[in-house]
Amino acid sequence: QDLGTDIAALVEELLKIEGDYTLNIYHLEANWLIKYRDRLTPCFQSGKIDAVFSPIQSASNRILKAMRRPYTREEYVNCIQTLRREVPALKIWNQFIIGFPGETEEDFEQNLALLDEVPFNLVQAFAYSDRPGTDASNMSNHIPEAVMNRRLKKINRKIFLKVNLKKLKPFGKRS
């Protein structure tokens, strides 16, 4: 937007290019996907876009607010579920940050619940990494590394069972 345009206009222009190609859209901030979903949907339906990576980062509205994300869990879920209905072939990728300062067990469990609620094609989870000088770094309620590691192991197991395991196909035929 700082260039006098927006992501939807950029994608629309890219799709005007002739040729046999597909695009993957990486790191599309969830707020832009939510805001421009109606304009991006026809682009996704074109068959020229294979995947969109739009990370929610946390399924807890309290943590999203602490992260200063300008969207809610409900807005994100609505957007992704609508895209699933309108563009079933679109691959949708997600990412979580686990252990953001102040994350409670309840906040963390909301991430696990989201995996039951929304079908993703790829999901990644990473432990919060402190970056000195940021507001998050200056928060007093950092999560102990052992807690982060336990949560990360738990969500990665759920990702494997809900997302990755679906991709596995049996070898050979049963008689």
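Structural remarks
- Convex hull volume per residue, computed on the Cα atoms of region 33-171, equals 125 Å³.
- Sorted peptide list for 26-32, 90-96, 60-66, criterion being average Cβ within 10 angstrom, highest first: 90-96, 60-66, 26-32
- Too-long pairs where the Cα-Cα distance tops 27 Å, listed order kept, from 35/154; 35/65; 91/162; 48/154; 91/153; 48/158: 35/154; 48/154; 48/158
- About the Cα centre, charge dipole magnitude for the chain (Lys/Arg +1, Asp/Glu -1 at Cβ), debye: 980
- As a length-normalised measure over Cα pairs under 8 Å and 6 or more apart, the relative contact order of the chain settles at 19 percent.
- Convex hull volume per residue, computed on the Cα atoms of region 1-108, equals 103 Å³.
- The residues 137, 58, 46, sorted by heavy-atom accessible surface at 1.4 Å with ligands and nucleic acids left out, run 46, 137, 58 from largest to smallest.
- Between the residues 17, 124, 34, the greatest Cα displacement towards the positive end of the dipole of region 1-137, with unit charges on the Cβ of Lys, Arg, Asp and Glu, is found for 17.
- Point-charge dipole on Cβ atoms (K/R +1, D/E -1) for region 75-167, about Cα centre, debye to 20: 700
- 21, 36, ranked by accessible area, largest first (probe 1.4 Å): 21, 36
- Centre separation in Å (Cα based) which lies between region 124-147 and region 1-79: 26
- Per residue of the chain, the DSSP helices (runs of n ≥ 4 H) give a summed -39500 (n - 2.57) that works out to -13000 deg cm²/dmol at 222 nm.
- Integer Hz, Karplus 6.51/-1.76/1.60 couplings in order for region 21-31, x for Gly and Pro: 8, 9, 10, 10, 9, 9, 6, 7, 3, 4, 5
- Region 1-99 - accessible surface per residue (Å², probe 1.4 Å): 52
- Per residue, the Cα convex hull of region 53-106 amounts to 80 Å³.
The values are calculated or read from the model by the stated rules, or taken from the named source; none is laboratory data. All values reported here derive from a predicted model rather than from experimental measurement. Reconstructed Cβ throughout: ideal geometry from the backbone, glycine too, with neighbour counts over all protein chains shown. The accessibility values were calculated without ligands, DNA or RNA, using every heavy atom of the protein model including side chains. Shrake-Rupley method; radii C 1.70, N 1.55, O 1.52, S 1.80 Å.
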